[in-house]
Amino acid sequence: FKPADLGGMSLTITAGPTREAIDPVRYLTNHSSGKMGYAIAEAAAKRGATVTLISGPTNLATPHGVTRINIDSAEQMHQAAQEHAPASDIFIGCAAVADFRPAEVAEQKMKKKDGEDDMVIRLVKNPDIIASIAALEAGRPFTVGFAAETQDVEQYARSKLARKQLDLICANDVSNEGQGFNSDQNALHLYWPKGDKALPLANKAELGTQLIDEIVELFKAGQQD
Ligand code: PMT
């Protein structure tokens, strides 16, 4: 049992995948279910925090007490994050944001052409949402990222922590079956500039609770510096 001790604290959390339109009926996406981000949102709301959840398309119910903003694309998620993060104490980027989107979105459904056995879709880079929040000059929240890696987890996670100027990064090894994308369980390794901590395999609800404990502790320690 956790007391409602986070009253007065506000968090903005991103969760789920983004969808990048190709034409009116097709899109590029990934396997994120939203479960990890929703679990974090639920854990924070249970402790009395004000939680805004910016969510890509998922099949999940909105956790009790959480304000949910639905978006499809990375650009829409970026806009919603810019709007809500500066008024938040903590920003957590758990969404699996598509790094690229089609350069052009066809207005009509694209048709197969006789005699053409391949096609090329040119992609352009999406904005880096979490880096833009960490770079805010006014109202910068304590900024927590995730890193989905398949190898050299610590090295890649630490380089994302530094490159994106984050306060904390939560790495998951998504090459391990049964954890990470679209599973009910996960294991995280947290890295911050002065330390690290492993949160071993657990269901995402439990992990969300543990993660909120760690984030709040580091956030409060940062305020005392
Ligand atoms: O949703 P689930 O099925 O429960 O799965 C959870 C998860 C595996 C998706 C989650 O735990 C996770 O790792 N989320 C981040 C996935 C990811 O896209 O990682 P990344 O290493 O590509 O990105 C690093 C960080 O930058 C992330 O905080 C990401 O949200 C952010 N990012 C990335 C690209 C971009 N254009 N903008 C961003 O803000």
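The values are calculated or read from the model by the stated rules, or taken from the named source; none is laboratory data. These numbers were taken from a predicted model, which means no experiment stands behind them. Cβ sites come from the backbone with ideal geometry, for glycine too, and all protein chains shown count toward neighbours. Protein only, heavy atoms only, side chains kept; ligands, DNA and RNA dropped before computing areas. Shrake-Rupley method; radii C 1.70, N 1.55, O 1.52, S 1.80 Å.
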TODO: Considering only the stretch 9-88, give the strands (runs of 3 or more DSSP E) lying wholly within it that have at least 1 residues that are under 14 Å from the mean Cα position of the chain (by Cα) and under 21 Å from LEU136 (Cβ atoms).
DONE: 10-15, 50-55, 66-70
Task: When residues of the stretch 197-210 are limited to those that are touching an Asp or Glu at 6+ places or on another chain (Cβ under 8 Å) and open to solvent by 20 Å² or more (accessible area, probe 1.4 Å), the one farthest from the ligand (Cβ to nearest atom) - done: LYS197
Task: the stretch 95-121 - residue that is surrounded by 14 or more Cβ atoms within 10 Å (Cβ to Cβ) and closer than 19 Å to ALA171 by Cα and, of those, farthest from the ligand (Cβ to nearest atom) - done: ALA98
Open item on the list: Can you tell me which residue is least open to solvent (accessible area, probe 1.4 Å) among those in the stretch 122-142 that are more than 12 Å from the ligand (Cβ to nearest atom) and part of a loop (DSSP other than H, G, I, E, B)?
Closed with: PRO141
- [ ] State yes or no: is GLY180 surrounded by 20 or more Cβ atoms within 10 Å (Cβ to Cβ), modelled with pLDDT under 95 and not polar (S, T, N, Q)?
- [x] yes
Open item on the list: So, in the stretch 180-217, how many residues would count as being over 19 Å from PRO63 (Cβ atoms), in a loop (DSSP other than H, G, I, E, B) and more than 16 Å from the chain's Cα centre (by Cα)?
Closed with: 2
TODO: Restricting attention to the stretch 10-44, report how many residues are touching a helix residue (DSSP H, G or I) at 6+ places or on another chain (Cβ under 8 Å), open to solvent by 20 Å² or more (accessible area, probe 1.4 Å) and within 30 Å of MET110 (Cα to Cα).
DONE: 0
Open item on the list: For ASN186, only one of the following conditions fails: (1) out of contact with any His (no Cβ under 7 Å at 6 or more places or on another chain); (2) more than 12 Å from the ligand (Cβ to nearest atom); (3) modelled with pLDDT of 95 or more. What is its number?
Closed with: (2)
TODO: Run down ASN70, ASN126 and say which single residue is in contact (Cβ under 8 Å) with a residue 12 or more places away in the chain, of a type in the set (S, T, N, Q) and in contact with a helix residue (DSSP H, G or I) (Cβ under 7 Å, 6 or more places away or on another chain).
DONE: ASN126
Open item on the list: What's the total number of residues in the stretch 32-69 that are within 28 Å of LEU123 (Cβ to Cβ) and more than 15 Å from the ligand (Cβ to nearest atom)?
Closed with: 1
TODO: Say whether the condition of being modelled with pLDDT of 95 or more, among the β-branched types (Val, Ile, Thr) and within 19 Å of GLN210 (Cβ to Cβ) is met by at least one residue in the stretch 67-89.
DONE: no
TODO: Within the stretch 162-182, track down each residue that is away from the ligand (no atom under 11 Å from the Cβ) and under 23 Å from LEU11 (Cα atoms).
DONE: ALA162, GLN165, ASP167
Task: Some residue of the stretch 162-172 being touching a strand residue (DSSP E or B) at 6+ places or on another chain (Cβ under 6 Å), surrounded by fewer than 20 Cβ atoms within 10 Å (Cβ to Cβ) and not β-branched (Val, Ile, Thr) - done: no
Open item on the list: Please determine whether any residue of the stretch 153-161 is more than 12 Å from the ligand (Cβ to nearest atom), assigned to a strand (DSSP E or B), touching a strand residue (DSSP E or B) at 6+ places or on another chain (Cβ under 8 Å) and charged (D, E, K, R).
Closed with: no
